[in-house]
């Protein structure tokens, strides 16, 4: 029994012949690179749909000298914040007419550089570096001749920046307004090569300095990745801390669990605050007061800046996004004490 031969795919010439236009006009209608009258566009698209024509992507990209793809290199995808950011990045790429290629470096700087170089070698029209350990200058040197931007850096070549120092001050102001004076900072330093000091630590110190208060160094609790924070939290409370401010929501969630296990009520006995507005923050009990990252804006503005470079538009000045608070159930006033007058 003979099988039927596969149906022959329609060509761009057939579409042009049926629509009564040239092949180049069909190409311009499909690519959108040149203006074509609405009536002709409508006629061509009707013929494309009727014949089932699909342009060969590789041929189109070769003709345009474009891949239609943007390469992104990230350190990890385990954190919920990174996952949410990548979803916004992909939507921004798609909205700009590009597909997203993803490289995961797994905390390996050499692998990150390899991905950057591979994307820049012809796989992508532009590259985004989201790896904290890879500097702006190193990313640019790895991608000669291809537009490359590095995400969220205090560097003029980074299109957008979130003011983490101001965000820390905003949370401190909230806790101070609730009567807390001994506020512990639990932080994991995450410095980019362009930074000498962590902006969250600076925001904490500046807040006390602006009020003429000395910082109790014992309440600045530096954590390493994966380190158990429970002994530090216990020590901070023993030293009179009434609020614990963790610089990530994941760490703040660990504090809530520790408080529950040790019989401390949040926020009646102790306030807990976080940073990020990770998806888990609103679902915790009590729900977590935090500083949200403006992920949709960060993604859209970063991708738009890269596409501007690719398509020859002049770069814009770096935009600094201001912070805001999400006040939920995990922070509250200090209960009045009959034996102690608070400042």
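The values are calculated or read from the model by the stated rules, or taken from the named source; none is laboratory data. Fair warning: this is a prediction, and the values are worked out from it, not measured in the lab. Note that each Cβ is placed from the backbone with ideal geometry, even for glycine, and that neighbours are counted across all protein chains shown.
For the range 89-103, a residue qualifies if it is surrounded by 18 or more Cβ atoms within 10 Å (Cβ to Cβ) and more than 17 Å from residue 66 (Cβ to Cβ), and the qualifying residues are 89, 90, 92, 103. Pairs linking a residue in the range 10-25 that is on the phi < 0 side of the Ramachandran plot to a residue that is not in a helix (DSSP H, G or I), with Cβ atoms under 6 Å and 6 or more positions apart or on different chains, are 10/53; 15/53; 16/22.
Quick check on the range 181-197. Is at least one of its residues surrounded by fewer than 18 Cβ atoms within 10 Å (Cβ to Cβ), out of contact with any strand residue (DSSP E or B) (no Cβ under 6 Å at 6 or more places or on another chain) and closer than 20 Å to residue 270 by Cα? Lay out the reasoning, then the answer.
Start the filter on the range 181-197 by keeping residues that are surrounded by fewer than 18 Cβ atoms within 10 Å (Cβ to Cβ), which leaves 181-182, 189-191, 193-197.
Then keep just the ones that are out of contact with any strand residue (DSSP E or B) (no Cβ under 6 Å at 6 or more places or on another chain); that gives 181-182, 189-191, 193-197.
From what's left, closer than 20 Å to residue 270 by Cα: 181-182.
Within the range 181-197, one or more residues are surrounded by fewer than 18 Cβ atoms within 10 Å (Cβ to Cβ), out of contact with any strand residue (DSSP E or B) (no Cβ under 6 Å at 6 or more places or on another chain) and closer than 20 Å to residue 270 by Cα.
Would you kindly identify the helices (runs of 4 or more DSSP H) lying entirely within the range 123-241 that contain at least 2 residues that are closer than 23 Å to residue 73 by Cα, modelled with pLDDT under 95 and in contact with a helix residue (DSSP H, G or I) (Cβ under 7 Å, 6 or more places away or on another chain)? Filter on the range 123-241 gives an empty set. Do the conditions hold for residue 101, that is, is it part of a helix (DSSP H, G or I), within 20 Å of the chain's Cα centre (by Cα), at pLDDT 95 or above and outside the structural domain of residue 252 (by TED's automatic domain parsing)? Spelling it out, it is not the case that residue 101 is part of a helix (DSSP H, G or I), within 20 Å of the chain's Cα centre (by Cα), at pLDDT 95 or above and outside the structural domain of residue 252 (by TED's automatic domain parsing).
Filtered by the rule that a residue be under 12 Å from the mean Cα position of the chain (by Cα) and in a helix (DSSP H, G or I), the range 63-82 gives 80, 81, 82. Within the set 85, 116, the sole residue that is within 27 Å of residue 250 (Cβ to Cβ), outside any loop (DSSP other than H, G, I, E, B) and either assigned by TED's automatic domain parsing to the domain that holds residue 307 or modelled with pLDDT under 95 (or both) turns out to be 85.
The residues on offer are 169, 179, 203, and the sole one that is on the phi > 0 side of the Ramachandran plot and not assigned by TED's automatic domain parsing to the domain that holds residue 74 is 179. Within the range 334-343, is even one residue in contact with a strand residue (DSSP E or B) (Cβ under 7 Å, 6 or more places away or on another chain) and in contact (Cβ under 8 Å) with a residue 24 or more places away in the chain? Scanning the range 334-343, I find no residue that is in contact with a strand residue (DSSP E or B) (Cβ under 7 Å, 6 or more places away or on another chain) and in contact (Cβ under 8 Å) with a residue 24 or more places away in the chain, so the answer is no. Among all positions in the range 260-283, there is at least one residue which is more than 23 Å from residue 175 (Cα to Cα), loosely packed, with under 13 Cβ neighbours inside 10 Å, modelled with pLDDT of 95 or more and assigned by TED's automatic domain parsing to the domain that holds residue 238.
Given the criteria farther than 19 Å from residue 128 by Cβ, at pLDDT 95 or above, touching a helix residue (DSSP H, G or I) at 6+ places or on another chain (Cβ under 8 Å) and surrounded by fewer than 22 Cβ atoms within 10 Å (Cβ to Cβ), does residue 300 qualify? Can you show your working first?
Numbers: farther than 19 Å from residue 128 by Cβ: no; at pLDDT 95 or above: yes; touching a helix residue (DSSP H, G or I) at 6+ places or on another chain (Cβ under 8 Å): yes; surrounded by fewer than 22 Cβ atoms within 10 Å (Cβ to Cβ): yes.
It is false that residue 300 is farther than 19 Å from residue 128 by Cβ, at pLDDT 95 or above, touching a helix residue (DSSP H, G or I) at 6+ places or on another chain (Cβ under 8 Å) and surrounded by fewer than 22 Cβ atoms within 10 Å (Cβ to Cβ).
The lone criterion from (1) at pLDDT below 95; (2) surrounded by 14 or more Cβ atoms within 10 Å (Cβ to Cβ) left unmet by residue 78 is number (2).
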